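The values are calculated or read from the model by the stated rules, or taken from the named source; none is laboratory data. This structure is a prediction, so every number in the text was calculated from the model and none was measured. Here the Cβ is made from the backbone with ideal geometry for all residues, glycine too, and neighbour counts use every protein chain on show.
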Amino acid sequence: MAQDRTIGFLGLGELGTDAAGKLLPLGFKVCGWSRRPKSIAGVHTSTDLAEILGMSDAIVCLLPLTAQTRGVLDAAAFARMPAGGCVINLARGGHLVVPDLIAALDSRHLAHAYLDVFDNEPLPADSPLWTHPGVTVTPHIAALTEPRTAVPSIVENIERVRRGERPLHLVDFAAGY
């Protein structure tokens, strides 16, 4: 039952916050990790990664790939998760240490992994992820840019630049995203 499962999000930006909020009405317990303190109604948030891993039956990775997050889904992270948990990586392939994941699945500490992103895309035909019974590979087409919603944002930024204002949603190169 949903209320018996805790879903943990790594990354509480726009995507993580939105996804966490959508799970609450379904009855799931939801928690999330962020580098900076966050407050999201109904969601237990923490800047302590070990805490979130330890309470999450499923981890959903929605992090940006930075020097600090590369390899975050490794043997140490999997060992902190409750036995029988699963990992869902929708962010970047560089977050996942594949040999550590396979070891956690083979030992049955983790029950399953759902992977949408990989270091090398397309995923090479000889990757063990294709044939591992504990892995579901999805085609990295989770979101499409829809002109109806994208065009107004582009127009808004053009107008902001024309007025001498800073565009919205710029990459913060110091943060890495």
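Here are the numbers for the structure shown:
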{"quantity": "Every residue from the stretch 111-162 that is more than 30 Å from residue 78 (Cβ to Cβ) and not hydrophobic (A, V, I, L, M, F, W, C)", "calculated": "145, 146, 147, 148, 149, 152, 153, 156, 157, 159, 160, 162"}
{"quantity": "Verdict on residue 64 being touching a residue at least 24 places away in the same chain (Cβ under 8 Å), surrounded by fewer than 19 Cβ atoms within 10 Å (Cβ to Cβ) and either within 21 Å of residue 172 (Cα to Cα) or of a type in the set (Val, Ile, Thr) (or both)", "calculated": "yes"}
{"quantity": "Residue in the stretch 92-113 that is at pLDDT 95 or above, of a type outside the set (Ser, Thr, Tyr), assigned to a loop (DSSP other than H, G, I, E, B) and touching a Lys or Arg at 6+ places or on another chain (Cβ under 7 Å) present", "calculated": "no"}
{"quantity": "Residue 97, sole failed condition from (1) over 18 Å from residue 15 (Cβ atoms); (2) in contact (Cβ under 8 Å) with a residue 40 or more places away in the chain", "calculated": "(2)"}
{"quantity": "In the stretch 47-93, the residues that are in contact with a strand residue (DSSP E or B) (Cβ under 6 Å, 6 or more places away or on another chain) and among the small types (Gly, Ala, Ser)", "calculated": "56, 58, 84, 85, 91"}
{"quantity": "Close pairs (8 angstrom Cβ cut-off, 6 or more residues apart or separate chains): part of a helix (DSSP H, G or I) in the stretch 144-158, aliphatic (A, V, I, L, M) anywhere", "calculated": "153/168; 156/168; 157/168"}
{"quantity": "Matching residues in the stretch 159-171 - criterion: being surrounded by 10 or more Cβ atoms within 10 Å (Cβ to Cβ) and in a helix (DSSP H, G or I)", "calculated": "159, 160, 161"}
{"quantity": "Among the residues listed as 174, 111, 150, 83, the single one being touching a His at 6+ places or on another chain (Cβ under 7 Å), of a type in the set (A, V, I, L, M) and surrounded by fewer than 16 Cβ atoms within 10 Å (Cβ to Cβ)", "calculated": "83"}
{"quantity": "The stretch 127-148, residues that are small (Gly, Ala, Ser) and under 18 Å from the mean Cα position of the chain (by Cα)", "calculated": "142, 143"}
{"quantity": "Selected residue [among the small types (Gly, Ala, Ser), within 18 Å of residue 138 (Cβ to Cβ), under 17 Å from the mean Cα position of the chain (by Cα) and crowded, with 18+ Cβ neighbours inside 10 Å] from 77, 91", "calculated": "91"}
{"quantity": "Residue list for the stretch 1-33, restricted to those being farther than 17 Å from residue 55 by Cα and touching a helix residue (DSSP H, G or I) at 6+ places or on another chain (Cβ under 8 Å)", "calculated": "26"}
